[in-house]
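What follows is a single structure, written as structure tokens, with notes after it.
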Amino acid sequence: MTRYGMLIDVSTCAGCDACTMACKYQNATPSGMYWCKVLKGEYGEYPNSGQTVLPMACQHCQDAPCVSACPTGASFYDENRCVQVDYEKCIGCRMCINACPYNARSYHDVDQKTTPYYEGYEMTPYEEMRAAEHPIGVVEKCVMCKERTAQGEEPSCVKTCITKSRWFGDLDDPTSEINEMIKKLGAKPLMEDLGTEPSVYYAGLV
Amino acid sequence: MDIKMNKNVVLGVGAVCLVLLAMGLFALVQQYSFVEGVTSITSYVPWGLYISLFLFFEAAGAGALLLAAVGKPAMVSRLKLAVVGVIFSACAGLAILPDLGRPLGMWRLFFAPNIASPLLLDVWLLSATLVFGVLLIVGLRLAKPALAKAASIGTGVFAVLLVLGTAIMFCSIPGKIGWESTAEIGISLVQMVIAGCAVALLLDAVTGTARNVSSKLAGALLVANAAIMLGEGMLLAYRGDFALRAFEAVMFGTYAWIFWTQVVAGIVVPAALLLRGRGVQVAAGLALAGVALSKFVYVVRGSIYPTYGEISEGLFIPFLQHTSGPQMVTAYVPSASEFMVAGAVIGLAVLLSMAALNSKLVPTDNPAND
């Protein structure tokens, strides 16, 4: 069985947000909505201080609280054990947003046609076409670039990363590159103690 | 109609309620046009005023139904409580609808649900409470003792289970550890009875009777409510763990004024009045308002100190401003549209209650008939 996962080496991430923009371009998410974000922060006190970055998106948990919390079954695991949202079933109750410990979900409640990027802006035909992929009144999240991975390609954020800080692969395949790198870098999921079994691993966390 | 209240009061309150309903409908149209900023709901504060209103009506409705179910004397007093309890419980369900992005899909909650979801506890228990509540009204109104007795048992059990189920649902949500404290289960149940007592006391004042509820019981329950909150606060001092830091955030963050208003005006003052037997109706109103404020504070508590805040020290979330103290997320202030829709639900609850109490559904209160 396939279980797609991701490894992010935070120690080499430059915090450039190229992944954020690649995701936005790939998935044409509505304005103001980012499925892939790079959180930034500071730690310590001068002179022993530094900056930290943390790329964040859906962790595609194997015991996902959002899937069990969804009252209509709109959140589900696909054939690659990635968590997806069936927009037809979603009623926009936002229970899943509350349930997600990683704040990986976004509520789409703004009509792009009535709320343009800026005053006077008119959507292009391409933008209108892609906007139709995002119905209003539902909850959205990272889909692990399912169209790309179905064709054997890497997710857009992995492909774009300028410092090659991301790896993508099958976590159920012990010989996969991602599993080797997880071992090599000693990577772990975020907030492991919650028992959500994320499929995204992090190395180099401060 | 069988007007039992002062006709001028009925007409005046009815007119205000109709205005509130009209404003709410206008706001609802705005909301479902999905214009930016119509509601203050974000991906960081996903639940707000509507959920608070649901919790308030649930507590008041379940409390009234519980008292109607367990009350022995005075058939008419029980009937009034049952009628108002059913209306308030139904309005709890109604308060949720405008919170849904796609309310037309709510049929899925009944016919294609994910039974693992704790949200269904609310849906099914509320439905069961409403069904038994209506049966209780029928049993009491048609003077069918067997039906009234069976419905009383069902109503009492499901009214308690409804509030318990909601409290458990909130405690089970891993993404919002601010809701995790199990003390809230006790607080919810106590507040349910407080709200029920307050509704009964106000009903007595409005309809000119006073039999069913001891004001001292309501006062004692307010003291119990304060004691559980104090216990939760003391745990903070000794443990200072993550879940309790959310409680600290509402006590000393942006929402502190609401929290302390609720404590003083919603608990301390009404408890003092009720225990001394003075200004009972004012105290009941304050207690009810205190429950409403408490529900709002509880709902926002989940979002202002969320689980993801513990991912890594010093990180900040894009688009959010840090606030001072323990609060992590900018205060949620309901929009004008949210207030108008909430006002409409309250107006509808008052209007329906008034109409029902002044209809032939509730006979003229004559103690000799009870």
**Message:** Can you pull out every residue in the stretch A:27-61 that is of a type in the set (A, V, I, L, M) and assigned to a strand (DSSP E or B)?
**Reply:** A:VAL38, A:LEU39, A:VAL53, A:LEU54, A:MET56
**Fill in**
The lone condition A:GLU88 fails out of (1) under 27 Å from B:LEU120 (Cα atoms); (2) buried (at least 23 other Cβ atoms within 10 Å of the Cβ) is (2)
**Asked** Checking A:PHE76 against (1) in contact (Cβ under 8 Å) with a residue 12 or more places away in the chain; (2) over 15 Å from B:GLU36 (Cβ atoms); (3) touching a strand residue (DSSP E or B) at 6+ places or on another chain (Cβ under 8 Å), which test does it fail?
**Response** (1)
**Scope the stretch A:104-156; condition among the polar types (S, T, N, Q) and outside any strand (DSSP E or B); matching residues** = A:GLN112, A:THR114, A:THR115, A:THR124, A:THR149, A:GLN151, A:SER156
**Prompt:** Which one of these does B:GLY178 not meet: (1) modelled with pLDDT under 95; (2) within 20 Å of the chain's Cα centre (by Cα); (3) part of a helix (DSSP H, G or I); (4) away from every other protein chain (no Cβ under 14 Å)?
**Reply:** (4)
**Asked** Which one is farthest from the chain's Cα centre (by Cα), of the residues in the stretch B:62-94 that are under 30 Å from B:TYR305 (Cβ atoms) and free of Cβ contacts under 8 Å to residues at least 40 places away in the same chain?
**Response** B:GLY93
**Request:** Report whether or not B:LEU164 is within 21 Å of the chain's Cα centre (by Cα) and either under 30 Å from B:TYR308 (Cβ atoms) or more than 14 Å from chain A (Cβ to nearest Cβ) (or both).
**Result:** yes
**Asked** Hey, among B:ALA112, B:ALA95, B:ALA69, B:ALA82, which residue is among the small types (Gly, Ala, Ser), within 14 Å of another protein chain (Cβ to nearest Cβ) and touching a Ser or Thr at 6+ places or on another chain (Cβ under 8 Å)?
**Response** B:ALA112
**Message:** With facing chain B (nearest Cβ under 8 Å) and not charged (D, E, K, R) as the only criterion, which of A:ASN98, A:ASN80 stands out?
**Reply:** A:ASN98
**Item:** Scope the stretch B:1-57; condition closer than 25 Å to B:LEU162 by Cβ, out of contact with any Pro (no Cβ under 7 Å at 6 or more places or on another chain) and assigned to a helix (DSSP H, G or I); matching residues
**Value:** B:GLY24, B:ILE51, B:SER52, B:LEU53, B:PHE54, B:LEU55, B:PHE56, B:PHE57
**Fill in**
A careful count of residues in the stretch A:5-49 that are in contact with a His (Cβ under 8 Å, 6 or more places away or on another chain) and of a type in the set (S, T, N, Q) gives 1
**Complete:** If you go through B:TYR44, B:TYR50, the only one that is modelled with pLDDT of 90 or more and surrounded by fewer than 24 Cβ atoms within 10 Å (Cβ to Cβ) is B:TYR50
**Prompt:** Within the stretch B:319-361, which residues are surrounded by 15 or more Cβ atoms within 10 Å (Cβ to Cβ) and either at pLDDT below 85 or in a loop (DSSP other than H, G, I, E, B) (or both)?
**Reply:** B:THR323, B:PRO326, B:GLN327, B:MET328, B:VAL329, B:THR330, B:ALA331, B:TYR332, B:PRO334, B:SER335, B:ASN358
**Message:** Just the residues that are facing chain B (nearest Cβ under 7 Å) and touching a residue at least 24 places away in the same chain (Cβ under 8 Å), please, taken from the stretch A:103-129.
**Reply:** A:ASN103, A:ARG105, A:SER106, A:TYR107, A:ASP109, A:VAL110, A:ASP111, A:THR115
**Message:** Tally up the residues in the stretch A:25-44 that are more than 11 Å from chain B (Cβ to nearest Cβ) and out of contact with any helix residue (DSSP H, G or I) (no Cβ under 9 Å at 6 or more places or on another chain), please.
**Reply:** 0
**Filtered residues of the stretch A:158-203 (kept if closer than 26 Å to B:SER172 by Cα and either buried (at least 21 other Cβ atoms within 10 Å of the Cβ) or touching a residue at least 24 places away in the same chain (Cβ under 8 Å) (or both))** = A:PRO189, A:LEU190, A:MET191, A:LEU194, A:GLY195, A:THR196, A:GLU197, A:PRO198, A:SER199, A:VAL200, A:TYR201
**Message:** Test of understanding: among B:LEU203, B:LEU125, B:LEU135, which residue is more than 14 Å from every other protein chain (Cβ to nearest Cβ), crowded, with 18+ Cβ neighbours inside 10 Å and at pLDDT 95 or above?
**Reply:** B:LEU135
**Failed item, numbered, when A:TYR43 is tested on (1) without any contact (Cβ under 8 Å) to a residue 12 or more places away in the chain; (2) within 27 Å of A:LYS183 (Cβ to Cβ)** = (1)
**Item:** For A:VAL67: the one exception among (1) closer than 27 Å to B:TRP107 by Cα; (2) more than 9 Å from every other protein chain (Cβ to nearest Cβ); (3) β-branched (Val, Ile, Thr)
**Value:** (2)
**Complete:** Note on the stretch B:167-182: residues among the small types (Gly, Ala, Ser) and surrounded by fewer than 18 Cβ atoms within 10 Å (Cβ to Cβ) are B:SER172
**Message:** List pairs: first residue in the stretch B:5-23 and over 10 Å from B:LEU348 (Cα atoms), second residue surrounded by 14 or more Cβ atoms within 10 Å (Cβ to Cβ) and modelled with pLDDT of 95 or more anywhere in the structure, Cβ distance under 6 angstrom, at least six positions apart or on different chains.
**Reply:** B:MET23/B:MET340
**Request:** Identify, from the list B:ALA69, B:ALA59, B:ALA22, B:ALA90, the residue that is at pLDDT 90 or above and either among the charged types (D, E, K, R) or not assigned by TED's automatic domain parsing to the domain that holds B:VAL123 (or both).
**Result:** B:ALA22
**Request:** Sort through A:GLN62, A:GLN51 and tell me the only one that's out of contact with any helix residue (DSSP H, G or I) (no Cβ under 9 Å at 6 or more places or on another chain), more than 14 Å from A:LYS141 (Cβ to Cβ) and modelled with pLDDT of 95 or more.
**Result:** A:GLN62
**Request:** Identify, from the list B:GLY133, B:GLY156, the residue that is within 30 Å of B:GLU232 (Cβ to Cβ), over 15 Å from the mean Cα position of the chain (by Cα) and touching a residue at least 60 places away in the same chain (Cβ under 8 Å).
**Result:** B:GLY156
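The values are calculated or read from the model by the stated rules, or taken from the named source; none is laboratory data. Since the model is a prediction, treat every value here as computed from it, not as a measurement. Methodologically, a virtual Cβ is constructed for each residue, glycine included, from the backbone with ideal geometry; neighbour enumeration extends over all protein chains shown.
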